[in-house]
Structure formats: structure tokens, C-alpha cells
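Take a look at the structure below.
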Amino acid sequence: MGSKIADGKPNSFVLLNGDEAIARGAVEASVKVAASYPGTPATEILEALAEVAKTFGIYAEWSVNEIVAMEVAAGASMAGVRAIVSMKHVGLNVAADAAMTLAYTGVEGGLVIAVCDDPALHSSQNEQDTRYFALHSNLPLLDAGSPQEALDMSREAFLVSEKLQLPVIVRLTTRVAHGKARVRIREVARSSRKPEFDKNISRWVMVPSNAIKQHRALREKLEIAAELANKSEFNIIEDNGKEIGIIGSGIGYYYARSLLDTSQFSWLKLGFVYPFPSELVKKFASKVKKIIVVEELRPYLESNIQCLHVDILGKNKLGLSEIGEFTPDTLRDAFAELGLCERTALEETLDLPPRPPTLCPGCPHRAFYYALNTVNQFVSCKPEKCIGCDICEYVCSLEKEKSFNPVKSRIRAVRLDALSNMAVTCRVCKDAPCVTACPKNALRQSVESGIVTVDDEKCDGCGWCIEACEYGAITLHRDTRKALVCDTCGGEPLCIQWCPEGALNFGGKTTDKIVTGDIGCYTLGCLPPVNTVQTCLCMGGGISQAAGMVHAGVKDKVFAVIGDSTFFHAGMPGLLNIAYNKANVCVIILDNHVVAMTGHQPTPGSGKNALGEDAKIVNLAEIARSLGIEKVELVDPYDVEGTKKAIRDIMEYNGPSVIIAQRPCPLRLERGPAREVLKECNACGVCVEAFGCPAISLTAERAEIDPTLCYGCGVCETICPFKAIRSTA
Amino acid sequence: MKLDIIFSGVGGQGVVVISDIFCEAALIDGFDAAKAEIHGMAQRGGAIGAHVRIGDKVEAPLIESGKADIVVGFEVLETARALPMLKPKGTVVVNTKYLPPNAALACSGKPLSQEQLLSLIRARAGVVHEIDGFAIAKKLGNMLVVNTVLLGALSALPENPVQEASLKKAMASRLKEKHVEVNLNAFQRGKESVKFR
């Protein structure tokens, strides 16, 4: 296996995706420094560069976040060499502070900012359009519609950057970044530049008196940039002498070309779109009678063309949305409406069960969420399975009262109607009404487990608790006249093990916790059946959202879940803030030693850097303590009981705290032996309906584990109440 | 010449690798090629598809609905899901393995049996090649070569203009040395499993 971007001969064709093409373009332009933070769909730019770094004498790094990457690239450029910084669209928000003022200082060595937008949110939290960031920051922008354009633009952007002494943005969208195409590669230029920093204080120190001058200089540069845009090789008119002209940028332009008979239209492909090439567009407009504009997301070209007083058919008139991405289908509909092409007769769609994204089999995040969800467990019953046999009652009375007498049971089988039954026991309510109702203060609820205990000394059998319980889960002992409440047999309820129908399970979970989320694989914990994560805003946002809720006065315990890499990226200021401002938030760092979602890039905690070299291992617990957190717990999420213990402990703790759940992402490791289901299984459903492992499926009779999907983590084995799962090894 | 193929399966089955290899091989034969991948946020277990277009000149990577010449399905439900992309009387190569989505995870849609899904596929396609890729892979002693079995089957279709030698070359350049032989065997088995009536 060779390198995709280093092996081909100049002028030959290779199959590259848009990211790899950006990397190849940078190599051809003899880039010296590359920095990035992983983010779909931009990750492969730095991956490709890191792979060939040694071959071409490039320094490549995974920075801890995008603004750091931007500053590293800026520093390299200030020292006179060419640099590239790459990120996804939302990463540019993080780096915006640096980018906005870099437009003033300008650059020395060419500086390219490669940004991938994600129309249709394939893997993002919003659909922002980076062309407007160019407008906002005054940074020139090239908009690539194919991997070939990505390569050519990447290479040329360095020249434009040096000509204007400005950073230049090259924008891709997911379909370009992750689409592969035949790309012609060029010669790799060799550079012999010596890095040197020109200590020009009035240029680099952006105090107001200097910055105002640089702002004027920026306006002058933009005039030159507009001239370059009007003459750019990426803005191409194909004049076929037809009445209808089509102007487009990005991949939408190419969809249009593949749908229509190209010879029947005149075309203007815009690639250098900021500053807007007004003169060129006017020239094109004068040659055609009607103009159609094809662009994804916001009407950037459209509004610029309207400013030229040119009449066009834009998004509204074509019925094309600003939301989501174009497909050939949506464009065909729009063109067919105008009579430009035929509609395709489509067969009716099929109603098929979806296959939504999910945490992978073996994922330690799932195990942690299971522990968090079930920290307050109770015995629950499926009415469709319960036959009202009362065995649970006998088992309970025997275990707890040493008598085979269902009236002394703490679980009660109830007949709902002629055909359905259900067993009822304590549901560990939050702020349990039975406890409040007791006039003798005889009932106590455990803060950590929610279990209600009865002090027999104080209980006088008044029965107020029975009245207060909405579930009818409390009874009075026939002989002693003391209240009876389920105590879950210390976590292994016997009634569940003896239920012949598998109607009882220990999957009952309480919802008295607020769990803010963050950005990474673990965000998928918002999906059923896990349903743990309740927010996802931006990198590092969960910790401070949690703090805000605490300061607002919410009563529930607030947890903030964040991955290790996201914590390094943007979580540390939030953690420092809760320590400093004393928020009773428990921050859970799910530490899998890797940036998993984007394809397993190293983190500052992994001991490797982008080049595969050994790196300093940064210790999360030490960071948490040094940021002022006094309560720091380490757990192994595969150890569900140990994890629950730590969570219960934290639930009683008042103040900022951290749980670090450490387990490497299993996708990077050899699989363990698959698990198999034994005949003891009675389809109670805990492994599927509460734990939610996608390798396990459930029929009416039993659970089944697919050996090709199972990663052998063994967590299902530990949580099965019937010991019905074991290793195949 | 133009050929549009949809590859459809479940994350982790090797859909991306096989579609890459097919494109690489097309390039070796001098065709233009473009591809796009459709996957969600999950690394494993979610639905995944790849659009592959090869021809003398390919403008854009996505295939229109109802225009794909071939659907290569790695699993029956995901094959059925790709059917609206297939042209009338188009060809389907399907691995008959059914991986039912976890009912607790899927929020809607009625469960279908493997046989129901296969009949949907038979009803819509012009030609269907049903291949028990898992059985073949098991015989070869490596469950992870199902994707290569399907590539072999695809290579045997009359629609396919890409040379077998180019496909093998592209495979060899993509695989680790120790995996080449078993994959070449899988390719051969796949090729042989395509029967014409």
C-alpha cells in the first residue's frame, strides 16, 4: 500500500477525494507546515499530508483545536514559508478570532485555509456557508466543485495568497471532500526558502494605531483581488451562443451539466467567488437572455448578481432550497419545471425499517451510559409477558420474610384486565412521595440508589405511605404492621431470576438526571434506547451549559459528558470555569484515547502525534486536578458495577467533580472472543432494550448475538440478570 | 460508455473499499470515474452506500434515482433500500445475508423477513444474482472477504467493462500482502457464483 498523493507521476491520473486533492495541491505548491484539528469531512487533508510529510519535508500536526492550528499556520507563514490549515466549517468559527485579524496583518508565505462545509449535515451540527465567512472576513475564497478543482485551487491559492499577502480560503463541500474522482496531478515544486521572521512591528502588532492602517491596506488588496477574480482560470465562460445561461459554483454546477444537454446552454462556472467577479458576470449576462443560478446552501452568487441589476432565476423561482444539499434528483425536478429536461418516472418508494447510526458494538460509551442510566434501578415488568402466576411474590416472601406467603411479598402481581397482568414494586421515584408522607419519619430514601428503606422502630403502620404511592408498591406486613418496600435484593433481585415468563427485568431507569452532551461519537447516546444525552451545541459547550443550568437553579443533578479529544479541544476552559465559579456539575470525560468519530486520529492523551512519532502523554486526571477540581474519579466503563459505585458517590458530592471513564476505542484493537447466548435466556430484553448493543437482536423467545458484529467486550455478559451470556472462547 | 453502480450495505462490511477498488481498476483501464459515499455518523452498524460512475467522461459523482445500471447489495435490507436507484430492468447482485436492524434502535417501519425482502428485490430488478457470500467466505475461512466475493460477481456481469486483471491489480495495491491470496480466491468464487439462465 503506497501513498495516494505521493506515488503518481506528474501529469498522470489518480483517484483522489477532494481532501486528498487539497493535500496534493499543497504538496505541489511545496507547502512546509500543515496544521489541523480532525473534523468530518475535512480530516483527510491533514491525514494525507502527514502520510507524505517525511517524503516532502513537511511538518504536519494535529493541533489541539482549530484556532491553535490557524495560529501555527500563521506563524509559519509569518516566517516566510507556505502553510496550510484545514478544518470543517464549524472549526472556522473556533479559528475565527485569528482569521479575522490575519486579514489585517496579512501573510508572508502563502497561507491557505481549507474549509469543508457540510450541506445536509452528514456529520455536523449546522449547515453554515463559508462563502459568507469570506465576505465577513474579507478573505479571498475559491469554491471547489470537484476533486480536480480542489487540487488546482489548492495549488493556485498559495500563489494568490502571496500575490495579495492575504490568507486564501479554499472551500469544499462534503460531496467534493468525500467524493473521489479521476484527478490529473502536476509537478511537485521544490522550494529552497529559508524561514525568516521580519520583525516589522507595525505590521504584526495589531494595536489600534497599526490595525487601522492595516485595515486600509486590506481594502486596497481587495481591489487587486477583485481583478484576479475577474481574470481567474477558475471562473470560466463556455459561450455556446444560447439564450439561457447557467451560472453555478460548487458541485451543483456539475450536477446541472450532467443532467442537461450542455450544448443547448451557455455556462459560467464560478470558482473564485470572493471578491465577486462582477465584471465577468456582467460580460456573461450581456451574452444571454435568461440566467439560471445553481448553488447549494445560501444564495451567495444570487445576491451578488442581483446587486449588478441582472435579472435571474434563483433559488426561489427554481424552487431550490437553502436547506440540505442538492442531488441530481432535486435539480432535475427544478429543470423539468422550466421545461429544460424530462422528468424521470420514479417507482413508489418502499417502506423499509431504518438502520440509524448507533454506537458500535463494544463501545465503552454505551457501557458508561448504561451505568449512568441504571444507577437507580428498579424491577419493571412487561405486561404483555406477565401471566400473573405470582411466583415473584412467593420468591420475595421466601427471601425476605423466610415464609412462603405472597401476602408478605414486596412485589405484587396485579390483574390489569381479563387478559393482562403486571407485577408492581417500588419505582424509586425522585423525591419519593411516600417518604414525604410518613408522619413518623420512618422512611428514608438513599440519595445514590433511590432505594427507600423503612425504619421498623419508627414505623407505626399508619399506612400514609401506601396512600401516597401512585404505583401501589407499598404494603403492610400482616403480622408486624410495618411497611414493606422493595430493596432490589442488593442489586440482584431474585424475583427477576425466578420469573418463568421473563416478564421482569432490571432495566427500569430513572430520568432525574440532566445530562448535557458534546460533539463526538458519544453524542449518539441521544438515540434510543440509550436516550442519555440531552444536549449537543458546540465543541466543549456541554460543560458550561450544565453550569448555566446549575446557576439557574435546576434541582436535578447535572452531568456533562465530553470525549477526551473534545475536552482537550474546548473543554478545559469550561472545567476551569466550573471550578472557579463553583458549579455543582459532574463532568464525565469519556476517554477512549483517540478522536474516534473522525477515524481514529491521535490525541494529546494517546502518546502519538500526527506523524506517528511518540509524543508526551497528557494525563486527564492531572489536568482536572490542576484546574481546581478536588473530586476526580477514574473508572473502567466495562466494569458497570464499579462505574455505578463512582456515580452514586458523585451524586452525593456537592461541588464540581470529574469522572474519567477510560477504555480505548475497541475498533482499534483486536476483537475479543464473541459472546453467545445460552439456553437460560428468557428474552428479558435488558441487553437489547436497555443496553442497546446492535450486535444483539431479540426474538420472543431469546436474544441472539451476531458473531460477525460482536466485538467481544463482554459487558452484556456482566449485565445479564440470568447469566445467560458467555464467551465463546 | 457509461456505467452507474450503487453499492449498498452496512457500515463495517467493506462497501467503501470495494467501490474504491472498482474505481481504481476503471482508471487503470483508461475510464473516467467518480464516486460518492453516503454514510452517517456511526463507524459501524449504520446504513452505508456508494455511488460509482465510470465512463468516457463523468461530470459528477451522484447517480440519479432510477438510473443506476447495477445495484451491488452487501445485505438484503440495504439492497432493498437501494432499489429506487435502480433503472427499470436493471441488474442486482445481492449477498443474501440479512442483518435485521436492532428493533430497539429503529424507531419506525415494519419488520420484514429475509424472504419478503428478496421478493421485493426480485420484483423490481430485471436480473438478480443471489449470492450467499457468508457461506462462501466461511468456506474460505475468512468472514471478512464477503465484499471481495461480491466484487468477483460484479466482474462477471456482462455490463462490466473493467478488465479482471485491472481489478486484481487494484485489489493488490489496496490490500495487505498477507490478505491478497484469500481475497483472490474470494474474487474467483464470486465470479463463479454468477450464473446465467
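Residues of segment A:417-451 that are under 17 Å from A:P493 (Cα atoms) and in a loop (DSSP other than H, G, I, E, B): A:T425, A:C426, A:R427, A:V428, A:S449, A:G450, A:I451.
Of all the numbered requirements in (1) open to solvent by 60 Å² or more (accessible area, probe 1.4 Å); (2) within 18 Å of B:S8 (Cα to Cα); (3) within 14 Å of chain A (Cβ to nearest Cβ), B:K169 misses one, and that requirement is (2). Against the test of being among the small types (G, A, S) and under 15 Å from A:Q214 (Cβ atoms), the options A:A103, A:A134, A:A120 yield a single qualifying residue, A:A103.
Taking the criterion of being more than 14 Å from A:C360 (Cα to Cα) and either surrounded by 24 or more Cβ atoms within 10 Å (Cβ to Cβ) or in contact with a Lys or Arg (Cβ under 8 Å, 6 or more places away or on another chain) (or both), the only residue of segment A:688-697 that qualifies is A:A690. For segment B:95-104, the condition holds for at least one residue, the condition being that it is more than 9 Å from chain A (Cβ to nearest Cβ), over 26 Å from A:P528 (Cβ atoms) and outside any loop (DSSP other than H, G, I, E, B).
Taking the residues in segment A:351-379 that are within 9 Å of chain B (Cβ to nearest Cβ) and among the charged types (D, E, K, R) as candidates, determine which candidate is surrounded by the fewest Cβ atoms within 10 Å (Cβ to Cβ). Ranking the candidates gives A:D351 first.
Yes/no per residue for (1) among the basic types (K, R); (2) part of a helix (DSSP H, G or I); (3) within 12 Å of chain B (Cβ to nearest Cβ); (4) touching a helix residue (DSSP H, G or I) at 6+ places or on another chain (Cβ under 6 Å):
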{"residue": "A:S161", "(1), (2), (3), (4)": "no, yes, no, no"}
{"residue": "A:I169", "(1), (2), (3), (4)": "no, no, no, yes"}
{"residue": "A:A181", "(1), (2), (3), (4)": "no, no, yes, yes"}
{"residue": "A:V188", "(1), (2), (3), (4)": "no, no, no, yes"}
{"residue": "A:S192", "(1), (2), (3), (4)": "no, no, no, no"}
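Criterion applied to B:V127, B:V145, B:V194, B:V180 was being under 14 Å from the mean Cα position of the chain (by Cα) and either without any contact (Cβ under 8 Å) to a residue 24 or more places away in the chain or within 27 Å of A:L350 (Cβ to Cβ) (or both), and the one residue passing it is B:V194.
If I ask for residues that are open to solvent by 30 Å² or more (accessible area, probe 1.4 Å) and aliphatic (A, V, I, L, M), which ones from segment A:380-412 would you list? Once the filter is applied, which keeps residues that are open to solvent by 30 Å² or more (accessible area, probe 1.4 Å) and aliphatic (A, V, I, L, M), segment A:380-412 yields A:I387, A:I391, A:L398, A:V407.
Only residues that are within 14 Å of another protein chain (Cβ to nearest Cβ), assigned to a loop (DSSP other than H, G, I, E, B) and in contact with an Asp or Glu (Cβ under 8 Å, 6 or more places away or on another chain) were counted across segment A:595-617, and they come to 1.
Using the structure shown, decide if B:L150 is away from chain A (no Cβ under 13 Å) and buried (at least 23 other Cβ atoms within 10 Å of the Cβ). In short, yes. For segment B:2-15, the criterion of a residue being open to solvent by 10 Å² or more (accessible area, probe 1.4 Å), on the phi < 0 side of the Ramachandran plot and basic (K, R) is satisfied by at least one position.
Among the residues of segment B:58-76, are any over 14 Å from the mean Cα position of the chain (by Cα) and either more than 8 Å from chain A (Cβ to nearest Cβ) or assigned to a strand (DSSP E or B) (or both)? Within segment B:58-76, none of the residues are over 14 Å from the mean Cα position of the chain (by Cα) and either more than 8 Å from chain A (Cβ to nearest Cβ) or assigned to a strand (DSSP E or B) (or both).
Among the criteria (1) in contact (Cβ under 8 Å) with a residue 12 or more places away in the chain; (2) within 26 Å of B:K168 (Cβ to Cβ), the one A:S36 does not fulfil is (2).
Only one of the listed residues (A:V90, A:V14) is surrounded by fewer than 24 Cβ atoms within 10 Å (Cβ to Cβ), in contact (Cβ under 8 Å) with a residue 24 or more places away in the chain, within 14 Å of chain B (Cβ to nearest Cβ) and under 19 Å from A:L172 (Cβ atoms). That residue is A:V14. Note on segment A:698-712: among residues that are open to solvent by less than 60 Å² (accessible area, probe 1.4 Å) and farther than 15 Å from A:P528 by Cβ, the one that is farthest from the other protein chains (Cβ to nearest Cβ) is A:G712. Taken over segment A:629-650, the residue count meeting the criterion of being of a type in the set (A, V, I, L, M) and farther than 18 Å from A:K582 by Cβ is 5. Within segment A:157-178, the residues that satisfy the criterion of being buried (at least 24 other Cβ atoms within 10 Å of the Cβ) and not hydrophobic (A, V, I, L, M, F, W, C) are A:S161, A:P167, A:R171, A:T173, A:T174, A:R175, A:H178. Checked against (1) in a helix (DSSP H, G or I); (2) touching a strand residue (DSSP E or B) at 6+ places or on another chain (Cβ under 6 Å); (3) assigned by TED's automatic domain parsing to the domain that holds A:T40, A:G252 passes all but condition (3).
If you go through segment A:626-638 and pick out every residue that is open to solvent by 50 Å² or more (accessible area, probe 1.4 Å), part of a loop (DSSP other than H, G, I, E, B) and more than 13 Å from A:I660 (Cα to Cα), you end up with 1. Taken over segment A:235-258, the residue count meeting the criterion of being open to solvent by 20 Å² or more (accessible area, probe 1.4 Å) and either within 15 Å of A:G271 (Cβ to Cβ) or touching a Gly at 6+ places or on another chain (Cβ under 6 Å) (or both) is 5. In segment A:114-129 there is at least one residue matching the filter, namely being charged (D, E, K, R), within 21 Å of the chain's Cα centre (by Cα) and open to solvent by 30 Å² or more (accessible area, probe 1.4 Å). Taken together, A:I617, A:I623 contain a single residue that is β-branched (V, I, T), over 22 Å from A:R668 (Cα atoms) and either in the same structural domain as A:F368 (by TED's automatic domain parsing) or surrounded by fewer than 22 Cβ atoms within 10 Å (Cβ to Cβ) (or both), which is A:I623.
Taking the conditions exactly as written (closer than 18 Å to B:L99 by Cβ and touching a Ser or Thr at 6+ places or on another chain (Cβ under 7 Å)), does A:R675 satisfy them or not?
Values: closer than 18 Å to B:L99 by Cβ: yes; touching a Ser or Thr at 6+ places or on another chain (Cβ under 7 Å): yes.
Yes: the conditions hold for A:R675.
When A:E71, A:E108, A:E61 are screened for being charged (D, E, K, R) and assigned to a strand (DSSP E or B), only A:E61 passes. Taking segment A:378-399 as the range and being in a helix (DSSP H, G or I) and either without any contact (Cβ under 8 Å) to a residue 40 or more places away in the chain or under 13 Å from A:A423 (Cβ atoms) (or both) as the test, the residues that pass are A:I391, A:C392, A:E393, A:Y394, A:V395, A:C396, A:S397, A:L398.
For (1) touching a strand residue (DSSP E or B) at 6+ places or on another chain (Cβ under 6 Å); (2) within 14 Å of another protein chain (Cβ to nearest Cβ); (3) buried (at least 23 other Cβ atoms within 10 Å of the Cβ), each residue gets a yes or a no:
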{"site": "A:T475", "(1), (2), (3)": "yes, no, no"}
{"site": "A:L494", "(1), (2), (3)": "no, no, no"}
{"site": "A:W498", "(1), (2), (3)": "no, no, no"}
{"site": "A:I514", "(1), (2), (3)": "yes, no, no"}
{"site": "A:I543", "(1), (2), (3)": "yes, no, yes"}
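The values are calculated or read from the model by the stated rules, or taken from the named source; none is laboratory data. This one's a predicted model, so the numbers in the text were calculated from it and none came from an experiment. Every residue, glycine among them, receives a Cβ derived from its backbone with ideal geometry; neighbour counts consider all protein chains shown. Calculation scope for accessible area: heavy atoms of the full protein, side chains included, ligands and nucleic acids excluded. Shrake-Rupley method; radii C 1.70, N 1.55, O 1.52, S 1.80 Å.
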